[in-house]
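Reading through the structure tokens given below for one structure.
The values are calculated or read from the model by the stated rules, or taken from the named source; none is laboratory data. All values reported here derive from a predicted model rather than from experimental measurement. Please note: Cβ atoms are built from the backbone with ideal geometry, for glycine as well, and neighbour counts cover all protein chains shown.
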Amino acid sequence: MLSGQHKRQAVGKCWLFFLVTGKALDIQQQQHIPELSAPHCDEGWGATRPYYITDVPGHLLPVEQAVTRVCWNASGLVIDTNNSDMDIWQSCQECGCQNFNDGDVAEVFLAPVSSSSRSPSWYYELDVGAISGAFWGGVVHNSLGDDALYSSSFPCSATAPPGGFGSCELNCSALLPAVQVARGQSWWTRSLQIPWAMFLEDYRPSGSAEPWPVWRANFYRYSYPFKLPNSSDFDRNRAELSGWSPTHDASFHVPAHFGLLRLLPRALAQAVV
């Protein structure tokens, strides 16, 4: 969820985050965002390019790689991530705990936008921990976004301070994505099925109508591939931060650097009943 230096303040059920290094991006930087086209799940998947380290200039490959694939169906969005990982660990066991502070995590930031050139001020953050699949989610309000479109079916009044963001944590007793995790030798996967009911009606498919076509999204992970000095043990205090579209910042929350996700209309032949 968070990386680099930050300050936060609880306000009821909302959190305010003040980014120390977050900043708006110029047009030239925005032109380097990746694009992904996601079909209906009956027609396949759209897959990302490999991840890059997020908190450095340029495009550097991480020690541990990940790839995400996306499709949509009548129920919602399906987002799967496969992670290479030499030391899979996660202390968080329950929904609502801060899995991003406690081990390996795969994260999704996601929102529809009014046009492909806009970056969201409001978006979902959906984080899943390895091993147990412990979930943390929130509706984020970020002052670095330039599109005021609000798509969540849950109300959120979080304030976004200048240069930062606030968030409303999702209720673990309410509607949430369905989560599945699996692991093997040096890998783990996370499957996230995000129900359309988490979005307002304008953004869902209905009958012959297609889902909202233009979204901004990013996919991130925390991994811990570095060894302690003079030891065969891994350093669980030193995370490697990587993602589909690197933010080139110590924070993941830079909406102008989210990738562009297009939900493709279903093929006409398959749409006819």
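Condition check ((1) more than 17 Å from Trp188 (Cβ to Cβ); (2) buried (at least 21 other Cβ atoms within 10 Å of the Cβ); (3) touching a Gly at 6+ places or on another chain (Cβ under 7 Å)) across all residues:
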| site | (1), (2), (3) |
| --- | --- |
| Ser37 | yes, no, yes |
| Asp55 | yes, no, yes |
| Thr68 | no, yes, no |
| Asp80 | no, no, no |
| Gly103 | no, yes, yes |
| Glu107 | no, yes, no |
| Gly129 | no, yes, yes |
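Just a yes or no: is a residue in the range 138-155 more than 20 Å from Val78 (Cα to Cα), touching a helix residue (DSSP H, G or I) at 6+ places or on another chain (Cβ under 7 Å) and hydrophobic (A, V, I, L, M, F, W, C)? Among the residues of the range 138-155, at least one is more than 20 Å from Val78 (Cα to Cα), touching a helix residue (DSSP H, G or I) at 6+ places or on another chain (Cβ under 7 Å) and hydrophobic (A, V, I, L, M, F, W, C), which makes the answer yes.
Listed by position, the strands (runs of 3 or more DSSP E) contained in the range 157-273 that have at least 2 residues being among the hydrophobic types (A, V, I, L, M, F, W, C) are 164-169, 178-184, 187-195, 214-223, 259-263. So for the range 222-244 (the condition being in contact with a Gly (Cβ under 8 Å, 6 or more places away or on another chain), at pLDDT 95 or above, among the polar types (S, T, N, Q) and buried (at least 17 other Cβ atoms within 10 Å of the Cβ)), does at least one residue qualify? No, that holds for no residue. Checked against (1) modelled with pLDDT of 95 or more; (2) of a type outside the set (A, V, I, L, M); (3) closer than 23 Å to Ser84 by Cβ, Phe199 passes all but condition (3). Pairing each residue of the range 118-130 that is under 19 Å from Asp85 (Cβ atoms) with any residue that is hydrophobic (A, V, I, L, M, F, W, C) and modelled with pLDDT under 95, provided the two are 6+ apart or on different chains, yields C-beta distances under 9 Å for Asp127/Met1; Asp127/Phe100; Gly129/Cys92; Gly129/Cys97; Gly129/Phe100.
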